[in-house]
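Inspection log for the structure reproduced underneath, given as structure tokens.
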Amino acid sequence: MDMPGGIREVEGSANSVEIEGLARFAVDDFNKKQNALLEYKKVVNAKHQAVAGMMYYLTLEVMDGGHKKLYEAKIWEKLWLNFKEVQHFKLVGDAPSATSS
């Protein structure tokens, strides 16, 4: 069980249906607020913290004008209230490109 205040890695797949839904929610929220056209690709990292609900810390890969970018999103969710809110969404930098050697 999670201890309040402790940030932990999300158990299982970071690209689970639940985590992917939160990631898409964060990208859609950003696009609406900033009149942007980011396209969600995948979750790179996912952590969570038990608070009054659950706080999720996601690192997302998105396409922005044909370029892969990494964004960090912080999403607060209270399932029993059907509440979701993006607390933070910011550009971290370019996503690493896959290179073969």
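The values are calculated or read from the model by the stated rules, or taken from the named source; none is laboratory data. Note that the structure is a prediction, hence the values are computed from the model and not measured. Every residue, glycine among them, receives a Cβ derived from its backbone with ideal geometry; neighbour counts consider all protein chains shown. When the accessible area is computed, the model is the full protein with side chains, heavy atoms only, and any ligands, DNA or RNA have been set aside. Shrake-Rupley method; radii C 1.70, N 1.55, O 1.52, S 1.80 Å.
Please give the number of the condition Glu77 fails out of (1) at pLDDT below 95; (2) over 15 Å from Gly93 (Cα atoms); (3) surrounded by 14 or more Cβ atoms within 10 Å (Cβ to Cβ).
Of (1) at pLDDT below 95; (2) over 15 Å from Gly93 (Cα atoms); (3) surrounded by 14 or more Cβ atoms within 10 Å (Cβ to Cβ), only one is false for Glu77: (1).
Looking at this structure, is Ala50 touching a Pro at 6+ places or on another chain (Cβ under 6 Å) and open to solvent by less than 30 Å² (accessible area, probe 1.4 Å)?
yes
Kindly indicate whether any position in the range 35-42 is open to solvent by 30 Å² or more (accessible area, probe 1.4 Å) and among the hydroxyl-bearing types (Ser, Thr, Tyr).
Taking every residue of the range 35-42 in turn, none turns out to be open to solvent by 30 Å² or more (accessible area, probe 1.4 Å) and among the hydroxyl-bearing types (Ser, Thr, Tyr).
Under the condition of being modelled with pLDDT of 90 or more and polar (S, T, N, Q), which residue from the range 1-34 is least open to solvent (accessible area, probe 1.4 Å)?
Among residues in the range 1-34 that are modelled with pLDDT of 90 or more and polar (S, T, N, Q), the one least open to solvent (accessible area, probe 1.4 Å) is Asn31.
List the pairs whose first member sits in the range 27-44 and is without any contact (Cβ under 8 Å) to a residue 40 or more places away in the chain, whose second member is among the aliphatic types (A, V, I, L, M) and open to solvent by 80 Å² or more (accessible area, probe 1.4 Å), and whose Cβ atoms are under 9 Å apart, counting only residues at least 6 apart or on separate chains?
What qualifies is Asn31/Leu37.
Please specify each residue of the range 58-74 satisfying the condition of being surrounded by 15 or more Cβ atoms within 10 Å (Cβ to Cβ) and among the small types (Gly, Ala, Ser).
Ala73, the sole residue that qualifies.
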